[in-house]
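The values are calculated or read from the model by the stated rules, or taken from the named source; none is laboratory data. Because the structure is predicted, anything quoted here is derived from the model rather than measured. Neighbour counts are summed over all protein chains in view; Cβ atoms, including those assigned to glycine, are modelled from backbone coordinates with ideal geometry.
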Amino acid sequence: MLMGDPGRADLAALALGVASPASEGAQAPRHVPIKAISLAVAQKCNLGCTYCYAQQGTFGGAAKDMPPDTAKAAIDHLLREAKRGDVFTLGFMGGEPLINRATLHSSTRYAAAQAMVRGVGIGFSLTTNATLVNADDIALYQQYGFTLTVSVDGLQVTHDRLRPHRSGKGSFEKLARNLNKLFSVEPRHFRVLARVTVTPSNLDLPQTMAGLLELGFDAIMFSPMLSAPSGKEEMHSEELDALLDQLIACGRVFREALKEGRIVPFTNLLTTLQRIHRYEREEYPCGAGGGYMGVSATGGLYACHRFVDDADGLMGDVFKGVDAELQATWLEERNLERQSPCTDCWARHLCSGSCHYEVIKRGRPACDYIRGWLTYCLALYVELAREQPDMLKAILAKR
Ligand code: SF4
Ligand code: SF4
């Protein structure tokens with residue numbers, strides 16, 4: 001109750017030296033130009049993680065690959081409204097995208113060539129389980145400066161339990177072998193980030209953070225499992241309380257390192273401090289359904305990668321384009337000012353209402369956790385501004 005008191009907004013605003021927002025009644029946009037898409041190049045996977053949002057990659061339907069022509073149509077759609085100097089992002093997701101290596105490689109080259117012709121920038125990202133990497137893939141990441149997000153759920157024993165092959169055999173050994181290949185590229189022009197899905201059975205975050213950074217990852221991010229199609233491994237209130245304690249324990253590790261002049265690449269904390277500093281009072285938690293969309297293997301356009309083949313997030317298709325009415329309705333309905341109970345929450349302009357997918361599928365079970373984390377980060381921001389302003393500046397400049 002205390003945490004949800006709108007009066008706390010004024011306290012937080014005072015601590016930050018900014019005024020409390022008053023944007024109620026603002027009009028939702030009807031159209032936002034697309035700046036990023038992710039392609040579900042393979043709606044299939046070689047692993048069998050029980051909680052997978054993509055239901056082992058198939059999103060509940062038949063396994064399929066995206067043909068190269070569909071990927072080209074998606075890229076043409078992405079760059080359709082491009083103006084010289086714009087910057088775009090092309091992401092590859094699945095399932096496991098490397099199962100459809102041919103489309104991944106050909107569409108990266110096509111997108112880079114098209115971007116050059118139009119005088120725009122383009123960045124590439126790939127979310128992968130990193131069990132299928134080969135030398136050609138590494139050359140592609142190197143040439144195009146990819147950002148790889150590797151799904152890894154802990155150190156060997158935990159990861160093998162949560163992310164087995166379909167046969168039941170653990171996948172950590174293969175992952176570790178491939179990580180070695182990735183980390184040994186010198187000089188390396190691509191980044192490799194660890195993304196840990198946190199479930200009730202891998203809540204030992206400080207040990208996980210230390211172990212994975214030791215392996216060589218450039219940064220680590222924890223993301224709680226709030227909504228799994230199977231319902232398995234979802235976090236409930238007690239576990240979310242434990243998660244908050246664990247994240248704060250990682251925060252203490254981060255704080256101690258800062259005193260020695262080191263920045264631990266703990267993304268949850270870095271991005272929250274940056275968000276607090278910018279305080280942009282965003283009306284949406286992410287670009288889904290606006291500047292960002294997910295593309296299914298057959299060319300359907302969806303609000304994001306998690307809505308692939310889901311009517312709740314349908315936005316059109318890459319051949320005919322975005323359905324203007326569907327997008328306008330989404331932007332209106334998902335706007336922060338239409339979200340209850342967000343309108344009365346002090347954290348609304350930092351949280352922006354939470355992931356649309358999770359809210360639509362499960363509601364808002366994690367608000368106390370979100371506000372608890374923001375409270376910790378606000379206090380740390382103020383402490384750093386007072387005690388280590390140069391380190392805070394370095395944190396804000398980190399990407
Ligand atoms: S989703 Fe975010 S803004 Fe909305 S009530 Fe929960 S914590 Fe507050
Ligand atoms: S809706 Fe959720 S999963 Fe989709 S982009 Fe937004 S935060 Fe991410």
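For this structure, a couple of remarks:
- Enumeration of residues in the stretch 214-231 that are assigned to a loop (DSSP other than H, G, I, E, B) and surrounded by 13 or more Cβ atoms within 10 Å (Cβ to Cβ): GLY216, PHE217, ASP218, MET225, LEU226, SER227, ALA228, PRO229, SER230
- Residues that are under 16 Å from TYR141 (Cβ atoms) and surrounded by fewer than 16 Cβ atoms within 10 Å (Cβ to Cβ) within the stretch 189-201 comprise just one, HIS189.
- For beta carbons closer than 9 Å, sequence separation of 6+ or different chains, a first residue in the stretch 329-343 that is among the basic types (Lys, Arg) and a second that is away from ligand 2 (no atom under 14 Å from the Cβ), the qualifying pairs are ARG334/ALA28; ARG338/ALA28; ARG338/GLU332.
Conditions (1) closer than 29 Å to GLU333 by Cβ; (2) touching a residue at least 40 places away in the same chain (Cβ under 8 Å); (3) surrounded by fewer than 23 Cβ atoms within 10 Å (Cβ to Cβ), marked per residue:
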position	(1), (2), (3)
ARG30	yes, yes, yes
LEU39	yes, yes, no
GLY61	yes, yes, yes
ALA74	yes, yes, no
HIS77	yes, yes, yes
ALA82	yes, no, yes
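- Scanning the stretch 330-349 for residues that are under 18 Å from ALA28 (Cα atoms), more than 7 Å from ligand 1 (Cβ to nearest atom) and assigned to a helix (DSSP H, G or I) gives TRP330, LEU331, GLU332, GLU333, ARG334, LEU336, GLU337, ARG338, THR343, HIS349.
- One residue stands out in the stretch 296-322 among those that are closer than 22 Å to LYS361 by Cα and touching a Ser or Thr at 6+ places or on another chain (Cβ under 7 Å): the one that is farthest from ligand 2 (Cβ to nearest atom), namely ASP309.
- Top-ranked residue of the stretch 122-156 - restricted to ones that are among the β-branched types (Val, Ile, Thr) and not in a strand (DSSP E or B), ranked as nearest to THR199 (Cα to Cα): VAL152
- TYR381 under 26 Å from THR199 (Cβ atoms) and either more than 10 Å from ligand 1 (Cβ to nearest atom) or surrounded by 20 or more Cβ atoms within 10 Å (Cβ to Cβ) (or both): no
- Residues in the stretch 146-172 that are surrounded by fewer than 13 Cβ atoms within 10 Å (Cβ to Cβ) and not hydroxyl-bearing (Ser, Thr, Tyr): VAL157, ARG166, GLY168, LYS169.
- Each residue in the stretch 232-242 was checked for being surrounded by 17 or more Cβ atoms within 10 Å (Cβ to Cβ) and in a loop (DSSP other than H, G, I, E, B), and 3 pass.
- LEU273 vs. criteria part of a helix (DSSP H, G or I) and more than 16 Å from ligand 1 (Cβ to nearest atom): yes
- Against the numbered list (1) within 15 Å of ligand 2 (Cβ to nearest atom); (2) touching a residue at least 24 places away in the same chain (Cβ under 8 Å); (3) of a type outside the set (Phe, Trp, Tyr); (4) not in a loop (DSSP other than H, G, I, E, B), ILE370 comes up short only at (2).
- Restricting attention to the stretch 77-121, the residues that are out of contact with any Leu (no Cβ under 8 Å at 6 or more places or on another chain), within 20 Å of ALA139 (Cα to Cα) and in a loop (DSSP other than H, G, I, E, B) add up to 0.
- The listed residue being at pLDDT 95 or above, surrounded by 14 or more Cβ atoms within 10 Å (Cβ to Cβ) and part of a loop (DSSP other than H, G, I, E, B), out of VAL253, VAL264: VAL264
- Test: residue in the stretch 253-260 that is under 20 Å from the mean Cα position of the chain (by Cα) and touching a residue at least 12 places away in the same chain (Cβ under 8 Å): no
- For the stretch 276-299, the set of residues classified as in a strand (DSSP E or B), more than 16 Å from ligand 1 (Cβ to nearest atom) and buried (at least 22 other Cβ atoms within 10 Å of the Cβ) consists of MET293, GLY294, VAL295, listed by residue number.
- Being among the basic types (Lys, Arg) and crowded, with 17+ Cβ neighbours inside 10 Å is a property that does not hold for ARG362.
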